[in-house]
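Heads up: the structure comes next, in structure tokens.
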Amino acid sequence: MAPKKPVHGKLFINGKWVGSHSGKTFERRNPANPKELVGAFELGGKEDAKQAVDAAEDAFEEWSDTPAPKRGEILFSAAQILKERKEELARIISWEMGKPIVEGRGDVQEAIDTCEYFGGEGRRLLGHTTPSELKSKFCATIRRPVGVVGCITPWNFPVAIPSWKLAPALVCGNTVVFKPASDTPLCATKFVEILTGAGVPPGVLNMVTGPGEAVGMSIVRNKKVLGVSFTGNRDTGRAILENAGVKKVGLELGGKNAVIIMPDADMSLALDGCMWGAFGTTGQRCTAASRIILHEKVKQQFEKHFADRASKFRLGPGTDPRTHMGPLVNRAAQEKSEKYSQIGQDEGAKLLTGGRKPAREGWFFPPTVFTNVDIGMRIAQEEIFGPVVSLVPVSSLNEAIEACNSVEYGLSSSIFTRDINAAFRAIEKIEAGITYVNSATIGAEIHLPFGGVKQTGNGTREAGIEGINEFTETKTVYVDYSGKFQRAQIDG
Ligand code: NDP
């Protein structure tokens, strides 16, 4: 069972759980049953964010001097605690955010994998050596921490995404101010508890809950913060870039991801992939498949089976193991899916199933499928972040790739085909950070880089070996052991 007693969540600053300057709290309610209070959380503001940054600054020298393998050991301990508390945390995720329990377990598993992977980085953090153009001179690069970094996260992977940022930030020797989404403060609180329990010292990791415009923006604007790692909405990402000043900023923004289905595809595999890609996490993944670009030869067959399966989905609370699809995260998200369902109909697309919120408690919305969608329609261009999917008919691979690339975003993509030439052509030509062949657009593995092109991001990648670039500065080292003064480009 999910915990039933409402929590009083506090801020975590300099190793202590404390109240906010405002003395106020904000509520989080169960999205499957909004009458049920998950908890009341301290309403942090600018002063709290400043205090957290100051604490992180004070802790920086000692933490950055701690040998990286020792920092890594703390992440291994965190992974161990996460394993022991996996079921408890998965239930909290389902309760607070709404995703089915099986996906909640996946969320925690991702955090376990991330802590283990970046724990191992403690014994790597590799630089490189290279020959000098001069005699008796050694050249290398080493990695140094950025300093105090701000990590601002969304609610859709309320433990996994924080782990993607906090684990590499900490192992690289940074101190952190963490601002979690206001829709999932309990998950964030539990994750901070676990990292602290694993041995992260006071001041090294601080968490301030409260509104993004107040807490998040104060962190972004603070000159002592030298790096910001943000995952969330594109407009928020733009505001962050405009306000950060000169500092390192990593942005992971939205997506409008497409699956291409070619006539030679294994249809049953494509159906499974599209169901999971479109409706997993109620379509609230940045990698969710919200467009299915269908070759006209398989259009009729595919759309019938797809809409049929979608219409049979069982909606329910994430904590109920029989649930296929949980609620949306909040009322605004439910209204957004409903609004786009209306836009799709007004634009002349054909609604095959869904489109109206059910008459029940909770922020539910059914799987919604439109067909005969023209690629220029708003439902095929704008991020909905809900279970609303557009089927776009095309007549060739080139047309499919062109349709796929016609959006502002470029995060994930997929093609179902048995033709190796078509697959490699898609890999080469699709404008996205991720391309899957014969699988869904979702389901990143943490030891590979994750991120997108175009309006999805500003060039950084999270996870994998590239994940540490966001949290380190490269220092170039020259050691001249010739005993004489040598000038590059002149004395060689
Ligand atoms: P938001 O941008 O609204 O919120 C994300 C985080 O930013 C929250 O912690 C939020 O706080 C905070 N925030 C809000 N406004 C500001 C501000 N002005 N300054 C600083 N911080 C701020 O995104 P959503 O919560 O709507 O998340 C969904 C979005 O995230 C989707 O667009 C999705 O595509 C994207 N996403 C991208 C991923 C990727 O890797 N590319 C992965 C997952 C999601 P608060 O909650 O208090 O408002």
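The values are calculated or read from the model by the stated rules, or taken from the named source; none is laboratory data. Just so we're clear, the structure is a prediction, and the values are computed from it rather than from any experiment. FYI the Cβ positions are ideal-geometry reconstructions off the backbone, even for glycines, and counts take in every protein chain you see.
General remarks:
- Note on the stretch 221-250: residues that are within 8 Å of the ligand (Cβ to nearest atom) and either out of contact with any Lys or Arg (no Cβ under 9 Å at 6 or more places or on another chain) or touching a residue at least 60 places away in the same chain (Cβ under 8 Å) (or both) total 10.
- The residue of the stretch 372-398 that is nearest to Trp276 (Cα to Cα), among those that are crowded, with 24+ Cβ neighbours inside 10 Å and not aliphatic (A, V, I, L, M), is Pro387.
- None of Phe26, Phe60 is closer than 28 Å to Phe364 by Cα, touching a Ser or Thr at 6+ places or on another chain (Cβ under 7 Å) and not in a loop (DSSP other than H, G, I, E, B) except Phe26.
- Only a single criterion out of (1) touching a strand residue (DSSP E or B) at 6+ places or on another chain (Cβ under 8 Å); (2) within 16 Å of the ligand (Cβ to nearest atom); (3) more than 23 Å from Gly467 (Cα to Cα) is not satisfied by Pro202, namely (2).
- The condition of being modelled with pLDDT of 95 or more and under 18 Å from Lys83 (Cα atoms) holds for Ala188.
- Positions within the stretch 182-199 being assigned to a loop (DSSP other than H, G, I, E, B), farther than 21 Å from Lys50 by Cβ and either within 13 Å of the ligand (Cβ to nearest atom) or not assigned by TED's automatic domain parsing to the domain that holds Lys70 (or both), in sequence order: Asp183, Thr184
- Just one of (1) out of contact with any Leu (no Cβ under 7 Å at 6 or more places or on another chain); (2) assigned to a loop (DSSP other than H, G, I, E, B); (3) among the small types (Gly, Ala, Ser) fails for Ser414. It is (2).
- From the list Ala258, Ala244, Ala239, the one residue that fits, being buried (at least 24 other Cβ atoms within 10 Å of the Cβ) and at pLDDT 95 or above, is Ala258.
- Here Thr323, Thr319, Thr287, Thr281 are screened, and the one residue that is modelled with pLDDT under 95, not aliphatic (A, V, I, L, M) and not assigned by TED's automatic domain parsing to the domain that holds Val148 is Thr319.
- When the stretch 206-215 is filtered for residues that are at negative phi and near the ligand (Cβ under 9 Å from one of its atoms), the ones remaining, listed by number, are Thr209, Pro211, Gly212, Glu213, Ala214, Val215.
- Matching option when the condition is within 12 Å of the ligand (Cβ to nearest atom) and in contact with a helix residue (DSSP H, G or I) (Cβ under 6 Å, 6 or more places away or on another chain), among Ser163, Ser218: Ser218
- For Glu116, the conditions (1) within 16 Å of the ligand (Cβ to nearest atom); (2) among the charged types (D, E, K, R); (3) over 16 Å from the mean Cα position of the chain (by Cα) all hold with the exception of (1).
- Extreme residue, farthest from the chain's Cα centre (by Cα), among residues of the stretch 127-151 that are of a type in the set (S, T, N, Q) and either surrounded by fewer than 16 Cβ atoms within 10 Å (Cβ to Cβ) or farther than 30 Å from Phe485 by Cα (or both): Ser136
- Residue match in the stretch 332-339 (condition: surrounded by 21 or more Cβ atoms within 10 Å (Cβ to Cβ) and either in a strand (DSSP E or B) or more than 16 Å from the ligand (Cβ to nearest atom) (or both)): no
Residue by residue, here is whether (1) small (Gly, Ala, Ser); (2) modelled with pLDDT of 95 or more; (3) closer than 19 Å to Gln284 by Cβ holds:
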site: Ala332; (1), (2), (3): yes, yes, yes
site: Ser337; (1), (2), (3): yes, yes, yes
site: Ala349; (1), (2), (3): yes, yes, no
site: Gly354; (1), (2), (3): yes, yes, yes
site: Val373; (1), (2), (3): no, yes, no
site: Ser395; (1), (2), (3): yes, yes, no
site: Asn398; (1), (2), (3): no, yes, no
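- Annotation note: of Pro158, Pro154, the sole residue that is in the same structural domain as Arg221 (by TED's automatic domain parsing) and buried (at least 24 other Cβ atoms within 10 Å of the Cβ) is Pro158.
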